[in-house]
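Enquirer: Here you go, one structure.
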Amino acid sequence: MTRLIEKRSVARTAASRGALLFFSAQRGVFACEVRDVTNAGAQIRLSGLNVLPPNFELSFDNFRTVRKCRLIWRHGDFIGIAFEKKLIASANTT
């Protein structure tokens, strides 16, 4: 049996939580599921979103904060993303 060697520099934390994905080329917000996450990126399961640009935004907390993201890989409905360094706080917070 072949063992897989972990090549990531940061261990990921397993998660199964909803998030909202959006991008400027398309109107609307798309629900997705975060499968695992680190401070640097995440693995996400999409629900039938066929077209995804290389850069988009993601919110874990219903738009109180927004993370700018970059698509790293895609395999079917699963994607790997890298977070851009800056966390954006929504102007709607009080």
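The values are calculated or read from the model by the stated rules, or taken from the named source; none is laboratory data. Nothing here was measured: the structure is a model prediction, and the numbers come from that model. Backbone-built Cβ (ideal geometry, glycine too); neighbour counts: all protein chains shown.
Enquirer: How many residues does region 18-36 hold that are surrounded by fewer than 10 Cβ atoms within 10 Å (Cβ to Cβ) and touching a strand residue (DSSP E or B) at 6+ places or on another chain (Cβ under 8 Å)?
Expert: 1
Enquirer: For Asn62, indicate whether it is loosely packed, with under 14 Cβ neighbours inside 10 Å, within 19 Å of Ser16 (Cα to Cα) and either modelled with pLDDT under 95 or polar (S, T, N, Q) (or both).
Expert: Numbers: loosely packed, with under 14 Cβ neighbours inside 10 Å: yes; within 19 Å of Ser16 (Cα to Cα): yes; either modelled with pLDDT under 95 or polar (S, T, N, Q) (or both): yes.
Spelling it out, Asn62 is indeed loosely packed, with under 14 Cβ neighbours inside 10 Å, within 19 Å of Ser16 (Cα to Cα) and either modelled with pLDDT under 95 or polar (S, T, N, Q) (or both).
Enquirer: Where in region 43-89 are the strands (runs of 3 or more DSSP E), entirely inside, with at least 2 residues that are of a type in the set (A, V, I, L, M, F, W, C), closer than 13 Å to Phe30 by Cα and within 11 Å of the chain's Cα centre (by Cα)?
Expert: Details: elements: 55-59, 65-75, 78-89.
Here the list reads 55-59.
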